[in-house]
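Since the structure comes first, as structure tokens, the remarks are kept for the end.
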Amino acid sequence: MKSLLFLVVSVFAFSVTSAQNFVIKNVTVFDGEKLIEKTSVLVENGMIVRVAPKINSNSEVIDGNGKFLMPALTNSHVHAFSALSLNEAASAGVLQVFDMHGMEPYQRQMQETFKDSTNYADFYYAGSAATAPGGHGTQFGFPAPTLTMVAEATDFIDKRIEAGASYIKIIVEPWKETLSHYVVKELIEVAHRKDKIAVVHVSKLDDAYQVLSNGADGLVHVWWDLPITQEEIEVLKSKNEFFVIPTLLTSHLALEAIRKSSPTNNFMTNEAITAEAKKLYDAGIPLLAGTDPPNAQINYGTDLYREMVLFSKAGIPNIEVLKTATSNPSKYFGLKDMGYIKEGFKANMLLLDESPIDKMDNMKTITTIWKMGKEVDRN
Ligand SMILES: [Zn+2]
């Protein structure tokens, strides 16, 4: 009885403190698609309930004059092994992260524990990535199931879905043992039959070409070896709709180390790799921002701004860069009520002193982060 009482009291206390209603007035909004000057946004019970120039409300008013409001960020490629990573992400305004290979029982626990918890990013995961015995992904010291044959694909995917995976990740990495393209194709087809998208790790253009031809929904890195031709892009576009998470920052930092240790390998320069992302953008391929922490000592928070700055420096318009970390991840990974400042979406939002449309580095001027209408503690 005592514990039941405690439950009732704490649920009541939660519902009182969670009712944070406020209106931000006269603010410039990037709503996930377009800019709206001098508008107002009403938040009630954690949700965005109205976006309009004039809103009458008795709620607390926040003066947004001269400020910039945008959806919270998503990092579309991470490996998060502890709550600290989710906290570091949230304190930089990264309120959703997509894990691309990790420890399944632990991942389910992290997801359930921190879902909708103000100071931690929401956690989505692929579970264990599909890889060959001895392949990339098996070297990290935690159990990683493997497969070799087409006939094993259905069982492999079923296990990931049972473990709570939101999407399927596949690894094609020919510097080690790797899956054949027959197995990869089967994995993609089984994932689609079970309503999951399938994203693929590649490092070579030829593999990118093959997996996209075989129906992959996205790549979690851009290739490092050769420039793609316009003709190749056009053929791929005609076969399949896909997105790319280029992980430029990761590629630049990792390759700096790799070039030193094995100078005989031929990789494109950092500038050439960046130019590949711009080529994809120019061809209308959606890009998603991801940084692959903790690889190359990249952090889970502010380093995502560096990826956005790299996109901007590549020549991608800043409004389009903002989409790579807000609406695009929601759209392509199927997050229902995040990534936009629109009625009916969660109030996961960032208030900035300076506009990132003027300069992408202004992402550093975030002053307030809200998760479901509650202010994230940034200490
Ligand atoms: Zn990764």
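Are there any helices (runs of 4 or more DSSP H) wholly within segment 291-358 with 1 or more residues that are among the small types (Gly, Ala, Ser), under 28 Å from VAL43 (Cβ atoms) and away from the ligand (no atom under 16 Å from the Cβ), and if so which?
327-333
Of the residues VAL49, VAL41, which is open to solvent by less than 60 Å² (accessible area, probe 1.4 Å) and closer than 26 Å to VAL321 by Cβ?
So the residue among VAL49, VAL41 that is open to solvent by less than 60 Å² (accessible area, probe 1.4 Å) and closer than 26 Å to VAL321 by Cβ is VAL41.
Checking the structure you have, find out if any residue of segment 114-125 is more than 25 Å from LEU253 (Cβ to Cβ), hydroxyl-bearing (Ser, Thr, Tyr) and modelled with pLDDT under 95.
Yes, segment 114-125 contains at least one residue that is more than 25 Å from LEU253 (Cβ to Cβ), hydroxyl-bearing (Ser, Thr, Tyr) and modelled with pLDDT under 95.
On the basis of being part of a strand (DSSP E or B) and not assigned by TED's automatic domain parsing to the domain that holds ALA347, does TYR124 make the cut?
yes
Suppose we filter GLU354, GLU307, GLU343 for residues that are charged (D, E, K, R), touching a residue at least 60 places away in the same chain (Cβ under 8 Å) and open to solvent by less than 10 Å² (accessible area, probe 1.4 Å); which single one remains?
Just one listed residue meets the conditions, GLU307.
Enumerate the pairs (first residue in segment 45-63 and assigned by TED's automatic domain parsing to the domain that holds ILE24; second residue anywhere and open to solvent by 100 Å² or more (accessible area, probe 1.4 Å) and part of a loop (DSSP other than H, G, I, E, B)) with beta-carbon separation below 7 Å, excluding pairs fewer than 6 apart on the same chain, so at least 6 apart or on different chains.
ILE48/GLU343; VAL49/GLU343; ARG50/GLU343; VAL51/GLU343
Condition first: open to solvent by 10 Å² or more (accessible area, probe 1.4 Å) and closer than 21 Å to LEU352 by Cα. Now tell me which residues in segment 60-82 satisfy that.
GLU60, VAL61, ILE62, ASP63, ASN65, GLY66, LYS67
Quick one: which of ASN75, ASN45 is more than 16 Å from the ligand (Cβ to nearest atom), under 30 Å from ALA165 (Cα atoms) and in contact with a helix residue (DSSP H, G or I) (Cβ under 9 Å, 6 or more places away or on another chain)?
Exactly one of ASN75, ASN45 is more than 16 Å from the ligand (Cβ to nearest atom), under 30 Å from ALA165 (Cα atoms) and in contact with a helix residue (DSSP H, G or I) (Cβ under 9 Å, 6 or more places away or on another chain), namely ASN45.
From the list ASP155, ASP195, ASP225, ASP207, which residue is part of a loop (DSSP other than H, G, I, E, B), more than 15 Å from the ligand (Cβ to nearest atom) and out of contact with any helix residue (DSSP H, G or I) (no Cβ under 7 Å at 6 or more places or on another chain)?
Exactly one of ASP155, ASP195, ASP225, ASP207 is part of a loop (DSSP other than H, G, I, E, B), more than 15 Å from the ligand (Cβ to nearest atom) and out of contact with any helix residue (DSSP H, G or I) (no Cβ under 7 Å at 6 or more places or on another chain), namely ASP195.
What pairs can you find where one residue is in segment 232-261 and of a type in the set (D, E, K, R), the other is open to solvent by less than 80 Å² (accessible area, probe 1.4 Å), and their Cβ atoms are less than 7 Å apart, with a gap of 6+ or different chains?
GLU232/TYR209; LYS237/ALA283; LYS239/SER213; ARG259/PHE267
Is segment 122-137 home to any residue that is open to solvent by 40 Å² or more (accessible area, probe 1.4 Å), in contact (Cβ under 8 Å) with a residue 24 or more places away in the chain and more than 16 Å from the ligand (Cβ to nearest atom)?
yes
Can you pull out every residue in segment 83-103 that is away from the ligand (no atom under 16 Å from the Cβ), touching a residue at least 12 places away in the same chain (Cβ under 8 Å) and open to solvent by 10 Å² or more (accessible area, probe 1.4 Å)?
Within segment 83-103, ALA83, ASN87, GLU88, SER91 meet the criteria.
Pairs, please: C-beta under 9 Å, at least 6 apart or cross-chain, first residue among the hydroxyl-bearing types (Ser, Thr, Tyr) and in segment 207-230, second open to solvent by less than 20 Å² (accessible area, probe 1.4 Å) and away from the ligand (no atom under 16 Å from the Cβ)?
Within 9 Å, the pairs are TYR209/ILE228; TYR209/LEU236; SER213/LEU236.
The values are calculated or read from the model by the stated rules, or taken from the named source; none is laboratory data. These numbers come from a predicted model, not from an experiment. FYI the Cβ positions are ideal-geometry reconstructions off the backbone, even for glycines, and counts take in every protein chain you see. In case anyone asks, the SASA skips ligands and DNA or RNA and just uses the protein heavy atoms, side chains included. Shrake-Rupley method; radii C 1.70, N 1.55, O 1.52, S 1.80 Å.
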